[in-house]
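The values are calculated or read from the model by the stated rules, or taken from the named source; none is laboratory data. In this text, all values refer to a predicted model and were calculated from it rather than measured experimentally. A quick note on method: Cβ atoms are made from the backbone with ideal geometry, for glycine too, and the neighbour counts reach across all protein chains shown.
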Amino acid sequence: MLLSIISILPFFFEMGDLMALNFDSPEGLFDTSHNLFCFYNAYSIPSGQNRSFSPLNLFPQHDFPTLVLGDLTIHHLTSDPTRFLSDYDPFIGSPYCDKASARSFSLLNTPEVYSRFPFTTNQRPVVLDLSFANSPLLPFFSSWNPSLPPTGSDHIALSIVLFTPLLKPLSRGLNWKYTNWDHISPLFTKLELAAPPALPTPHTFDP
């Protein structure tokens, strides 16, 4: 849906590695009464076990749709569940994920889908670029996709698709209303369920 009136206001924080864009329309965004949509983009500069901005700055308490994207240079089992974490990884990453959850932000990444592929051979691919949507935005989220063409960077380009509720494709499911029960019911009489497995005993466990 094209809007006849929309304003875009950039907002820069005191730190240079975090910015926001406010999209404002009196006609409402996403075919809803929400007049404001906020987009945060962050690049966290690591300095030992510290990062250049706190979770408080990254995850605002908004009652309108808000999208947070960033290379946070953190590692967490939520986004990369099979990664071997160092002793200090949870100390760095958990405050961000905990604050996101406390302020009703949901991770949009598909877990364990890498977003950075280093050019050097002494580093393995990692999940660094994280995307979060707050609860007012989550109903409009459709997909998170890392399949855009290469850009020449060691970080891949990501695509996030948002749909309005009216235009979002319906999920496919069984249409019981048009099921031919006269044809299917006789097939159920020939259906045999396998016997449940025997209950385990102490002798079935490895010593």
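Any residue that is in contact with a strand residue (DSSP E or B) (Cβ under 6 Å, 6 or more places away or on another chain) and not in a strand (DSSP E or B) - is there at least one of those in the stretch 17-32?
Just the residues of the stretch 17-32 that are in contact with a strand residue (DSSP E or B) (Cβ under 6 Å, 6 or more places away or on another chain), to begin with: 17-24, 29.
Filter once more, keeping what is not in a strand (DSSP E or B): 17, 29.
Looking through the stretch 17-32, at least one residue is in contact with a strand residue (DSSP E or B) (Cβ under 6 Å, 6 or more places away or on another chain) and not in a strand (DSSP E or B).
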Where a residue in the stretch 58-70 is part of a loop (DSSP other than H, G, I, E, B) and its partner, wherever it lies, is of a type in the set (Val, Ile, Thr), with Cβ under 9 Å and at least six apart: PHE59/THR66; PHE59/VAL68; PRO60/THR66; PRO60/VAL68; PRO65/THR32
What do you reckon, is ASP80 touching an Asp or Glu at 6+ places or on another chain (Cβ under 9 Å), part of a loop (DSSP other than H, G, I, E, B) and in contact (Cβ under 8 Å) with a residue 24 or more places away in the chain? yes
Counting residues that are modelled with pLDDT of 90 or more and touching a Cys at 6+ places or on another chain (Cβ under 8 Å), which strands (runs of 3 or more DSSP E) fully inside the stretch 112-176 reach at least 3? none
Could you list all residues from the stretch 50-71 that are over 18 Å from GLU14 (Cβ atoms), in contact with a helix residue (DSSP H, G or I) (Cβ under 9 Å, 6 or more places away or on another chain) and surrounded by fewer than 17 Cβ atoms within 10 Å (Cβ to Cβ)? none
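Right, ILE74: crowded, with 19+ Cβ neighbours inside 10 Å, hydrophobic (A, V, I, L, M, F, W, C) and in a loop (DSSP other than H, G, I, E, B) or not? Outline the logic, then answer.
Numbers: crowded, with 19+ Cβ neighbours inside 10 Å: yes; hydrophobic (A, V, I, L, M, F, W, C): yes; in a loop (DSSP other than H, G, I, E, B): yes.
In short, yes.
Check PRO118, PRO95 and return the single one that is more than 30 Å from GLN61 (Cβ to Cβ), surrounded by 10 or more Cβ atoms within 10 Å (Cβ to Cβ) and touching a residue at least 12 places away in the same chain (Cβ under 8 Å). It would help to see each step written out before you state the result.
Working: PRO95 fails: more than 30 Å from GLN61 (Cβ to Cβ).
Step by step, each of PRO118, PRO95 is checked, and only PRO118 is more than 30 Å from GLN61 (Cβ to Cβ), surrounded by 10 or more Cβ atoms within 10 Å (Cβ to Cβ) and touching a residue at least 12 places away in the same chain (Cβ under 8 Å).
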